[in-house]
Amino acid sequence: MMRTAIERFIDYLRVERNASPLTLKSYEEDLIALVLYLEEVEDRRVKINEVSTLDLRRFVARLQEEGYAKSTISRKLACLRSFFRFAVRESWIESNVAKPLRNPRIGRKLPHFLSADEIAKLLESPSASSASGLRDRAILETMYSSGLRVSELVALEIQDIDFSSGLIRVRGKGRKERLTPLGSFAQRALKNWLTKRKPDPKAGKDAADAVFLNRFGRRLTSRSVGRMLEKCLKKAGLDQRTSPHTLRHSFATHLLDRGADIRSVQELLGHQSLITTQIYTHVSTTRLREVYETAHPRAG
């Protein structure tokens, strides 16, 4: 029966694939949902070799009717493909009946970004009278100046900064390194912070090398940067949906708005594919259209 096959599949994921508890729970729930659909909606108790592609299409249609997000449906389809691929491996079925199913098309959302005025408010929000305030200003200035991911920011080390050339070495995804410019405001903020930076001698080389430290003198975490940003947003009265990644989005959008070419922005962001960077051209185009429709006397 289907439930027995699901149990075997979950055991396989746990033992052979070393899947996380969250993944196991998610996959089991998705597969049981299929069983319940067949039993309660179609009034059929089927064996695994009796499930057809048409059954799965009807199941997906039901999910769409119930208002599931396209991303959620895509995740469930990935689970079904994996389950029936395992069934083929076990010789329970001859072919993967989930393979013909196609994911729903997911339109990419335009990234949320801050205007230049909003960025200015945010960057001014940390206090200049305390070490933590100087650190927070340096963090925000560096992220906006260089378009860093938060993971890249917390990985920065003292030797990565070259003030003489105005460049920093960034360790990006896939251990790829790139050099990116550091603006004058960010350089000044970093120098101010480095005069107050006090690594914990007991924390070893990691703390000694790290640019950004917490109040205990240890390397700062991405989560701590997120909490710091929340406080600064509240103080500046800005949109609470803003995340550390918003500064990266703002960096790219503002460069393109002011005439930077997309290839250069791609390199600055460390994107492997130009397609990833092109989302920011859509943002700029949308804003241009808004300006045109507002300003042109015969646009409406």
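The values are calculated or read from the model by the stated rules, or taken from the named source; none is laboratory data. These numbers were taken from a predicted model, which means no experiment stands behind them. As a convention, Cβ positions derive from the backbone with ideal geometry for all residues, glycine included, and neighbour counts pool all protein chains shown.
Observations on the structure shown:
- When Ala33, Ala5 are checked against the criterion of being surrounded by 12 or more Cβ atoms within 10 Å (Cβ to Cβ) and within 19 Å of Glu94 (Cα to Cα), Ala5 stands alone in meeting it.
- Exactly one residue out of Thr221, Thr246, Thr195, Thr253 is over 21 Å from the mean Cα position of the chain (by Cα) and of a type in the set (Val, Ile, Thr), and it is Thr195.
- Matching residues, the stretch 257-267, being in a helix (DSSP H, G or I) and either surrounded by 21 or more Cβ atoms within 10 Å (Cβ to Cβ) or small (Gly, Ala, Ser) (or both): Ser264, Val265
- Among residues of the stretch 50-63 that are surrounded by 13 or more Cβ atoms within 10 Å (Cβ to Cβ), those with a Cβ under 8 angstrom from a residue that is in a helix (DSSP H, G or I) and among the polar types (S, T, N, Q), sequence gap 6+ or separate chain, pair up as Leu63/Thr72.
- So Glu152, is it acidic (Asp, Glu), surrounded by fewer than 17 Cβ atoms within 10 Å (Cβ to Cβ), at pLDDT below 95 and assigned by TED's automatic domain parsing to the domain that holds Gly237: no
- Pick from the stretch 182-199, criterion surrounded by 13 or more Cβ atoms within 10 Å (Cβ to Cβ) and in contact with a Gly (Cβ under 6 Å, 6 or more places away or on another chain), ranking: farthest from Val225 (Cα to Cα): Leu182
- When the stretch 268-285 is limited to residues that are under 17 Å from the mean Cα position of the chain (by Cα), under 20 Å from Ser115 (Cβ atoms) and not aromatic (Phe, Trp, Tyr), the one that is surrounded by the most Cβ atoms within 10 Å (Cβ to Cβ) turns out to be Leu269.
- Failed criterion for Ile168 (all others in (1) in contact with a helix residue (DSSP H, G or I) (Cβ under 6 Å, 6 or more places away or on another chain); (2) surrounded by fewer than 21 Cβ atoms within 10 Å (Cβ to Cβ); (3) not basic (Lys, Arg) hold): (2)
- Looking only at residues of the stretch 139-186 that are in a loop (DSSP other than H, G, I, E, B) and touching a residue at least 60 places away in the same chain (Cβ under 8 Å), we find that the one that is farthest from Leu269 (Cα to Cα) is Lys176.
Quick grid of which residues meet (1) under 33 Å from the mean Cα position of the chain (by Cα); (2) not polar (S, T, N, Q):
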{"residue": "Phe9", "(1), (2)": "yes, yes"}
{"residue": "Arg14", "(1), (2)": "yes, yes"}
{"residue": "Ser26", "(1), (2)": "yes, no"}
{"residue": "Glu39", "(1), (2)": "no, yes"}
{"residue": "Glu42", "(1), (2)": "no, yes"}
{"residue": "Phe86", "(1), (2)": "yes, yes"}
{"residue": "Ala98", "(1), (2)": "yes, yes"}
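- Inter-residue pairs, beta-carbon under 6 Å, first assigned to a helix (DSSP H, G or I) and in the stretch 220-239, second of a type in the set (Ser, Thr, Tyr) and surrounded by 13 or more Cβ atoms within 10 Å (Cβ to Cβ), 6+ apart: Ser222/Ser151; Cys232/Ser125; Leu233/Thr242; Lys235/Ser125; Ala236/Ser125
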